[in-house]
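Colleague: I'd like to ask some things about the structure below.
None of the figures in this text is laboratory data; all of them are computed from the coordinates on show. What you see is a predicted model; the values in this text were computed from it and never measured. Neighbour counts run over all protein chains shown; Cβ positions are idealised from the backbone, glycine included.
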């Protein structure tokens, strides 16, 4: 009974200190605030269940980020398998070219992240949260040098993508400035 109470206290403290960070991280994966909040809540529930099962979790925040990433990738995979209805096609035709989420400012950044590996995206997103190389290394269970390598590779790929975008939509100078600002 005392162990359950201590688990609840630890989880409450972690939730209070990390919920906003987990939601921001999830939003980078989903591009939607409501979906990001759902993922964050589900990740905390998974953490609760894991702690109840007495699983050893060395770095809970990194564990949460990993769960969010896996759930977001799973949702993306499920959506890609779903068939598009004709009514959706009519709606898509009404949107301006190059945009599928007209009110979502993060869409352009998400488009560029498609050229990165999962680990590179994770490192970039954690760095965008103002974490130091050492903190990122601890969360991902890798060395600081590996963090530097992942960031270096990601920046090279993003620079190439800005010069030669994979899509037919040209990259405006404003988009380039936004990406540079986010990666600093």
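Colleague: Can you tell me the order of 29-35, 62-68 when each peptide is scored by its average per-residue count of other Cβ atoms within 10 angstrom, highest first? Display every interim value, and only then the final one.
Modeller: Details: 29-35: 16.9, 62-68: 21.4.
The peptides rank, most packed first, as 62-68, 29-35.
Colleague: Here is a follow-up. For the pair residue 38/residue 129, report the inter-label distance in nm, with labels modelled 7 Å from Cα in the Cβ direction.
Modeller: In this crude spin-label approximation the distance works out to 2.1 nm.
Colleague: Quick one: length gained pulling residue 46 to residue 4 fully straight, 0.36 nm per residue minus the C-alpha distance?
Modeller: On the way: separation 42, 0.36 × 42 = 15.12 nm, distance 1.55 nm.
Taking residue 46 through residue 4 to full extension adds about 13.6 nm, to one decimal.
Colleague: Mind giving me the nanometre distance, one decimal, between the label points for residue 141 and residue 53, set 7 Å out from Cα along Cα→Cβ?
Modeller: About 1.5 nm, to one decimal.
Colleague: Across all directions of projection, what mean area in square nanometres is found for the Cα convex hull of region 1-82?
Modeller: On the way: hull surface 22.7 nm².
For region 1-82, the mean projected area of the Cα convex hull comes to 5.7 nm².
Colleague: Give me the one-decimal nm value for the distance between modelled label points at residue 70 and residue 119, 7 Å along each residue's Cα-to-Cβ direction.
Modeller: Placing both labels 7 Å along Cα→Cβ, they lie 1.8 nm apart.
Colleague: Please work out how much length the chain gains when fully extended from residue 174 to residue 12, using 0.36 nm per residue of separation minus the C-alpha to C-alpha distance, in nm with one decimal.
Modeller: Working: separation 162, 0.36 × 162 = 58.32 nm, distance 4.09 nm.
Gain on stretching residue 174 to residue 12: 54.2 nm.
Colleague: Expected output is a single nm value to one decimal: the length gained when fully extending between residue 162 and residue 19, i.e. 0.36 nm times separation in residues minus the C-alpha distance. What is it?
Modeller: Working it through step by step, the gained length comes to 48.2 nm.
Colleague: If you average the alpha carbon positions of region 37-52 and of region 111-164, how far apart do those two centres end up, in angstrom?
Modeller: Taking the Cα centre of region 111-164 as reference, the centre of region 37-52 is 25 Å away.
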